[in-house]
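Peer 1: Okay, handing you the structure first.
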Amino acid sequence: MNSPVVSRTLTNMQILLTHHPLVSHKLTTLRAQSTESATFRALTDELVTLLAYEATQNIKVEPVEVQTPVAVAQGVKLSGAAPIVIPILRAGLGMLSGMMHLLPTAEVGFLGMMRDEETLSSTIYADRIPADLSGRHVFLLDPMLATGGTLIAAMDLMLHRGAEKVTAICILASPEGISAVEQAFVGRDEQIVLVAAAVDSHLNNKGYIVPGLGDAGDRLFGTV
Ligand code: URA
């Protein structure tokens, strides 16, 4: 896979943008208005697996020896507390299986967050996440980083519960959303990573990413 572009590292936040042609190809089809829900879901699955590959590049491993049919080989295995994958409902749910293909031993939690379409602020309506995340690497799944309100609230919750590292995997991000996340966590020393397939032009006055792909939840789940 092409190396991800680290667009900038602002104190504690790292942003990884994937410039692999397969990611760009799948993202282009995902954007198309003519792409039906079934194809949209399948492409999201594949895209998230590719983004997950980038997102897990620094996951903790420890050395192990393994007996092959021929000799002993030196290898590694995942070490430390199991990572936890948390889709932000509802659209993040469409990213879960793509993530779990790559990290089948991860634990899964669920966070329900709702965006008020007028104020664009987010509230939590479901929290199925361990109360203690000490020493854990949390992977948050949310396809669209738009205003940043949802992701900031979700990241804040994880860090308050003691998460050692929070990696957000998004399909698309807006420049406004990235700035909002950076501003929210600047000066803090927790490790925060954002992985995305692309950063689009801007947000429109309804808080949609332009050109974006529309409402990710509606397109994933066929809601009109
Ligand atoms: N949520 C979406 O689903 N799409 C956007 O463009 C912004 C937020």
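Peer 1: Which residues' amide hydrogens lie under 5 Å from the amide hydrogen of ALA198, considering only partners 5 or more residues apart or on another chain, with H built in the peptide plane?
Peer 2: Those lying under 5 Å, H to H, from ALA198 are ALA173.
Peer 1: Amide H of LEU140 versus every other amide H placed in the peptide plane: which residues, excluding those fewer than 5 positions away on the same chain, fall under 5 Å?
Peer 2: Here the answer is ILE86, THR167, ALA168, ILE169, since their amide H atoms fall under 5 Å of that of LEU140.
Peer 1: Continuing with the same structure: Average the reciprocal distances over every distinct pair of alpha-carbons in the chain, invert the result, and give the Kirkwood radius in Å.
Peer 2: Evaluated on the chain, it is 17.9 Å.
Peer 1: To continue, here is another question. Using a 1.4 Å probe, what is the accessible area per residue for the stretch 63-117, in Å²?
Peer 2: With the other protein chains kept in place, the stretch 63-117 gives 54 Å² per residue.
Peer 1: Identify all aspartates and glutamates with a Cα-Cα distance to LYS26 below 15 Å; exclude those on the same chain that are fewer than 8 residues away in sequence.
Peer 2: GLU36, ASP45, GLU46
Peer 1: Roughly speaking, to the nearest percent, how much of the chain's 1.4 Å accessible area is carbon and sulfur?
Peer 2: Within the chain, the accessible surface is 55 percent carbon and sulfur.
Peer 1: Could you give each residue of the stretch 100-108 its phi-based ³J(HN,Hα) in whole Hz, using Karplus coefficients 6.51, -1.76, 1.60 with θ = phi - 60°, and x for Gly or Pro?
Peer 2: Values per residue, Gly and Pro as x: 6, 4, 8, 10, x, 8, 5, 7, 10 Hz.
Peer 1: Right, here's the next one. Going by average Cβ neighbours within 10 Å, how do the peptides 123-134, 23-34, 187-198 rank, with the highest at the top?
Peer 2: With the highest mean Cβ count within 10 Å placed first, the list reads 187-198, 23-34, 123-134.
Peer 1: Of ILE84, ALA32, ALA42, which is farthest on the positive side of the dipole of the stretch 6-102, counting Cα position, with +1 on Lys and Arg Cβ, -1 on Asp and Glu Cβ, and the Cα centre as origin?
Peer 2: Farthest towards the positive pole: ALA32.
Peer 1: Something else about it: Looking at the chain as a GNM with Cα springs under 10 Å, which of ILE15, ILE169, ILE88 has the largest mean-square fluctuation?
Peer 2: Largest GNM mean-square fluctuation: ILE15.
Peer 1: From the backbone phi of the stretch 73-85, what are the Karplus-calculated ³J(HN,Hα) couplings (6.51 cos²θ - 1.76 cosθ + 1.60, θ = phi - 60°) in whole Hz, Gly and Pro given as x?
Peer 2: 10, 8, x, 9, 9, 4, 10, x, 5, 4, x, 10, 9
Peer 1: HIS160 to SER24: FRET efficiency via 1/(1 + (r/R0)^6), r the Cβ-Cβ distance, R0 35 Å, to the nearest 0.05?
Peer 2: The value I calculate is 0.45.
Peer 1: Quick one: Cα centre-to-centre distance for the stretch 200-224 and the stretch 19-46, in angstrom?
Peer 2: 14
Peer 1: Something else about it: Read phi for every residue in the stretch 159-166 and hand back ³J(HN,Hα) as whole Hz from Karplus 6.51 cos²θ - 1.76 cosθ + 1.60, θ = phi - 60°, with x for Gly and Pro.
Peer 2: 3J(HN,Hα) across the stretch 159-166, in whole Hz: 5, 4, 8, x, 3, 7, 8, 10.
Peer 1: Only Cα pairs within less than 10 Å get springs; with that Gaussian network setup on the chain, which residue of PRO104, PRO63, PRO83 has the largest fluctuation?
Peer 2: In the Gaussian network model the winner is PRO63.
Peer 1: With a probe of 1.4 Å, find how much accessible area the stretch 129-169 has per residue, and write the answer as a whole number in Å².
Peer 2: Value for the stretch 129-169: 27 Å² per residue.
The values are calculated or read from the model by the stated rules, or taken from the named source; none is laboratory data. These numbers were taken from a predicted model, which means no experiment stands behind them. Here Cβ is always computed from backbone atoms with ideal geometry, including for glycine, and neighbour counts include all displayed protein chains. Ligands, DNA and RNA are stripped out before the accessible areas are found, and what is left, the full protein with its side chains, is counted by its heavy atoms. Shrake-Rupley method; radii C 1.70, N 1.55, O 1.52, S 1.80 Å.
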